[in-house]
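The values are calculated or read from the model by the stated rules, or taken from the named source; none is laboratory data. All values reported here derive from a predicted model rather than from experimental measurement. Glycine also receives a Cβ, built like all others from the backbone with ideal geometry; neighbour counts cover every protein chain displayed. Areas reflect the complete protein model, heavy atoms only, side chains present, ligands, DNA and RNA absent. Shrake-Rupley method; radii C 1.70, N 1.55, O 1.52, S 1.80 Å.
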Amino acid sequence: MNVDVYDFHLPEELIAQTPLPDRSASRLLTVNRQNGDMSHRHFTDIVDALQAGDTLVLNDTRVIPARLFGVKEDTGAKAEVLLLKDLGEDRWEALVKPGKKLKTGAVIVFGEELRAVIEEEEDMGGRILRFMYKGIFQEILDRLGTMPLPPYIKETLDDRERYQTVYAKHKGSAAAPTAGLHFTQELLDQLTSKGVNVTYITLHVGLGTFRPMSVERIEDHVMHAEYFSFSQETADILNAAMERGSRIIAVGTTSCRTLETVGNLCTGGPLKECSGWTDIFIYPGYQFKVVNALITNFHLPKSTLVMLVSALAGRDHILNAYKEAIAEKYRFFSFGDAMFIY
């Protein structure tokens, strides 16, 4: 299948640069994945859209201040590092800029207390760095690092917490699971009061989110592995939901990918506690094992995320929904509006 069949024109002015003052003030486009019917709502209407007995699955990863600015030790030239994956023993997988000048052996200085040497080169700007520092690394990172906002966001973010979900818990992501940014604690309380079950998984967002589709055929794209954790408590809640035939609703593509990873690992039996690395790539033709519905933002043309939502709702329904969202001037991407596919 050709990647270009998931292309569409997105006016630049629809790319949301800043978060709305109120987390739940976003708009919500609901899409029936059986017939493509759509309706325009406010995000707070998600309380009406969900039913008692539904189970909402949220990704409780926490974004680290993963972007570091320094200089190349030998020349003083500016250097930028985006931390992606903690490999242990002070080694990290990262993206670097400018990639052409930051080769194996180069040393980057971020101040008196932190330096890094490039140990290995990977494709598409990827590097393996080993850090040298005095003190506690996470404390240094909190002081020197900045939030890793996507490159299309030009505005600065004064409040770091605005790029965290209200339920963010486990540190490790290089980007926020942005569908969850719409939820307030008050909204979650309203859902639980209605009888909606709320449970959590963890997937630390890494290079898989940043890597563009650089192949012509969808089947040739390789996802980058990201770490996930799935508890027995969540397994028990979801097993009960499946036994009674209730909907399981993933909040965001990261939750969806984690649930389907676990579903594939546990095929033929109940879901069980597990953790590890997933490189699952979901595109049309995929048969969902766990997820029945999805709350998500609006994504980049020809991206793996557009293909995931198309796998759930169908390509024609999704492209029609995106056409409608563009016509109605919905906000796109990380700080944009939301879509509920059911």
Pair list, Cβ under 7 Å, 6 or more apart: the stretch 138-167 residue within 26 Å of A116 (Cα to Cα), other residue part of a helix (DSSP H, G or I) and among the charged types (D, E, K, R): M147/R160
Subset tally (residues that are open to solvent by 50 Å² or more (accessible area, probe 1.4 Å), aromatic (F, W, Y) and under 27 Å from G245 (Cα atoms)) for the stretch 37-69: 0
Would you check which residues across the stretch 304-329 are among the small types (G, A, S), at negative phi and crowded, with 17+ Cβ neighbours inside 10 Å and list them? S310, A311, A313, A321, A325
Starting from residues that are free of Cβ contacts under 8 Å to residues at least 40 places away in the same chain and in a helix (DSSP H, G or I), keep the ones in the stretch 245-261 and report whichever is nearest to P284 (Cα to Cα). E260
Condition check: of a type in the set (A, V, I, L, M) and under 20 Å from S26 (Cβ atoms). Does I153 satisfy that? yes
Quick check on my filter: what residues within the stretch 226-244 are in contact (Cβ under 8 Å) with a residue 12 or more places away in the chain and part of a helix (DSSP H, G or I)? Q232, E233, T234, A235, I237, L238, N239, A241, M242, R244
T209 being modelled with pLDDT under 95, over 23 Å from L308 (Cα atoms) and of a type in the set (S, T, Y): no
What are the residues in the stretch 99-110 that are assigned to a loop (DSSP other than H, G, I, E, B) and open to solvent by less than 60 Å² (accessible area, probe 1.4 Å), if any? G99, L102, G105, A106, F110
Scanning the stretch 139-158 residue by residue, those farther than 22 Å from E12 by Cβ and either small (G, A, S) or modelled with pLDDT of 90 or more (or both) turn out to be E139, I140, L141, D142, R143, L144, G145, T146, M147
Go through the stretch 154-168 residue by residue and tally those that are under 14 Å from R67 (Cα atoms) and surrounded by 12 or more Cβ atoms within 10 Å (Cβ to Cβ). 3
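Before we move on, is K169 at pLDDT below 95, out of contact with any helix residue (DSSP H, G or I) (no Cβ under 9 Å at 6 or more places or on another chain) and not β-branched (V, I, T)?
Here the answer is no, as K169 does not meet what is asked.
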Those residues of the stretch 134-182 which are within 21 Å of E80 (Cβ to Cβ) and aliphatic (A, V, I, L, M) amount to I140, L141, L144, M147, L149, I153, L157, A174, A175, A176
Can you tell me which residue among R115, R130 is assigned to a strand (DSSP E or B), over 24 Å from A225 (Cα atoms), modelled with pLDDT of 95 or more and open to solvent by 70 Å² or more (accessible area, probe 1.4 Å)? R115
Which listed residue is at pLDDT below 95, within 21 Å of V3 (Cβ to Cβ) and out of contact with any Lys or Arg (no Cβ under 9 Å at 6 or more places or on another chain), from D279, D316: D279
Taking the stretch 133-172 as the search range and keeping residues that are assigned to a strand (DSSP E or B) and touching a Phe, Trp or Tyr at 6+ places or on another chain (Cβ under 8 Å), which one is nearest to T296 (Cα to Cα)? G172
The one condition T261 fails out of (1) surrounded by 16 or more Cβ atoms within 10 Å (Cβ to Cβ); (2) under 22 Å from Q51 (Cα atoms); (3) hydroxyl-bearing (S, T, Y) is (2)
Which pairs do you get when a residue that is polar (S, T, N, Q), found in the stretch 319-342, comes within reach of a residue that is at pLDDT below 95, reach meaning Cβ atoms under 6 angstrom, with the pair 6+ apart or on two chains? S334/P150
